[in-house]
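Q: The structure that follows is given in the form of structure tokens.
The values are calculated or read from the model by the stated rules, or taken from the named source; none is laboratory data. Since this is a predicted model, take the numbers as computed values, not measurements. Every residue, glycine as well, gets a Cβ built from its backbone with ideal geometry; the counts of neighbours run over all protein chains shown. Accessible surface areas use protein heavy atoms only, side chains included; no ligands, DNA or RNA. Shrake-Rupley method; radii C 1.70, N 1.55, O 1.52, S 1.80 Å.
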Amino acid sequence: MSEQLLPGYIIRRGSALDRSLLLKFMQRTYQDIFPNEDFSHLEQTVKQYFSSDTPLWWIDFLGEGDQESRGAREQGSNKEFLSSVPHRPIACLWVGNAIDQVQGNRHAHIFILYVVPEHRRRGIGRALMRYVENWAIQRGDRQIGLQVFQSNKPALNLYNQLGYQTQSLWMVKFLSAEK
């Protein structure tokens, strides 16, 4: 089932058949930030965590299309039209579950939110965050968690604008075998 996320874009639920496409989107996410790294190991992450308990949504771009297609889009959420649109995913949102270590409550945790560069700065990320917040509220969650790299300034700006706050810092020390 698909619904309009923004004019020209629909959101639809992914399935277990999307495993390889999810992996490609994950690799693109990390390659945007770390272009010289190999992210083939992310296959293990998808294999371990992707399940019916970790929902995945795709955003499809409807394209310019012909006048009839534009007219159907302008009339709102025409379900017959949306179900006949070929899928061209330009973004994805994958969500898992986490436990708040202070309160002990289950909450949504965003594994990945990725928008291809050609479709950025059009409100898609913001709309996806609102979508997942509504989804989390409906299932009874009281918070959403995510991890973002300090170097990813556009994502940090978005999350700050949406009211997300730093609750903890993930610290790393690289070790060498030599002493």
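Q: Could you check which residue among 17, 113, 42 shows the biggest mean-square fluctuation in a GNM of the chain with a 10 Å Cα cutoff?
A: Of 17, 113, 42, the most mobile in the Gaussian network model is 17.
Q: Work out the length of the dipole vector of the chain about its Cα centre, built from +1 on the beta-carbon of each Lys and Arg and -1 on the beta-carbon of each Asp and Glu, and round it to the nearest 20 debye. Show your work: numbers first, answer last.
A: Details: 21 positive and 18 negative charges, 72 e Å.
Rounded to the nearest 20 debye, it is 340 debye.
Q: Which of the chymotrypsin sites (Phe, Trp or Tyr not before Pro) found in segment 127-179 are loop residues per DSSP with 12 or fewer other Cβ atoms within 10 Å of their Cβ? Don't skip to the answer; put the middle values down first.
A: Numbers: sites: 131, 135, 149, 159, 164, 170, 174; in loops: 149, 164, 170, 174.
Sparse-neighbourhood loop chymotrypsin sites (Phe, Trp or Tyr not before Pro): 149, 170, 174.
Q: Just how large is the dipole of segment 105-179 about the Cα centre, in debye to the nearest 20, putting +1 at every Lys and Arg Cβ and -1 at every Asp and Glu Cβ? Please report the intermediate quantities before stating the final value.
A: On the way: 11 positive and 4 negative charges, 21 e Å.
Using only the charged Cβ atoms, the result is roughly 100 debye.
Q: Are there GluC sites (Glu not before Pro) in segment 98-179 that DSSP marks as loop and that have at most 13 other Cβ atoms within 10 Å, and which are they? Before the final figure, lay out the partial values.
A: Details: sites: 118, 133, 178; in loops: 178.
Loop-located and lightly packed - 178.
Q: Mind listing the phi-derived Karplus ³J(HN,Hα) values for segment 56-61, rounded to whole Hz, using 6.51, -1.76 and 1.60 with θ = phi - 60°, and x for any glycine or proline?
A: 10, 10, 10, 10, 9, 8
Q: Scan around residue 5 for amide H atoms under 5 Å from its own, H built in the peptide plane at 1.01 Å from N, and keep only partners 5 or more places away or cross-chain.
A: 10, 11
Q: Shifting gears a bit: Of all the accessible heavy-atom surface of the chain, with the other protein chains kept in place and a 1.4 Å probe, what percent is carbon and sulfur? Display every interim value, and only then the final one.
A: Values: 5870 of 12140 Å².
Whole-percent figure for carbon plus sulfur exposure: 48.
Q: Count the lysine pairs in the chain whose Cα atoms sit under 28 Å apart, keeping only pairs 8 or more residues apart in sequence or on different chains. Present the calculation step by step, with values, prior to reporting the outcome.
A: Details: 24/47; 24/153; 47/173; 153/173.
Counting lysine pairs in the chain gives 4.
Q: Let me ask something additional. So if I take the centroid of the Cα atoms in segment 107-179 and the same for segment 1-63, what is the distance between those two points in Å?
A: 15 Å
Q: Right, another one. Can you find, among 155, 174, 30, the residue farthest towards the positive end of the dipole of the chain? Put +1 on the C-beta of Lys and Arg, -1 on that of Asp and Glu.
A: About the Cα centre, the residue reaching furthest to the positive side is 174.
Q: Which values, in whole Å and largest first, are the semi-axes of the equivalent ellipsoid of the chain obtained as the square root of 5 times each eigenvalue of the Cα gyration tensor? Before the final figure, lay out each step's value.
A: Numbers: eigenvalues 192, 76, 53 Å².
Square roots of five times the eigenvalues give 31, 19, 16 Å.
Q: Compute, for segment 1-64, the length of the dipole vector about the Cα centre, with Cβ point charges of +1 (Lys, Arg) and -1 (Asp, Glu) only. Units Debye, rounded to 20.
A: Values: 6 positive and 9 negative charges, 36 e Å.
Dipole magnitude for segment 1-64 comes out near 180 debye.
Q: Still on this structure, I have one more. Express the accessible area of the chain per residue in Å², computed with a 1.4 Å probe while the remaining protein chains stay in the model.
A: 68 Å²
Q: Taking the chain as a Gaussian network, Cα atoms linked when under 10 Å apart, which of 109, 119, 41 shows the biggest mean-square fluctuation?
A: Top of the fluctuation ranking is 41.
Q: Under a 5 Å amide H to amide H cut-off, with H placed in plane at 1.01 Å, what residues pair with residue 145 once short-range neighbours are removed?
A: Distant-sequence amide H within range of residue 145: 108, 109, 110.
Q: Another question, if that's okay. Please work out the FRET efficiency for the pair residue 49 and residue 178, using the Cβ-Cβ distance as r and a Förster radius of 45 Å; give the result to the nearest 0.05. Walk me through the numbers on the way to the answer.
A: Numbers: r = 34 Å, r/R0 = 0.76.
Result of the calculation: an efficiency of 0.85.
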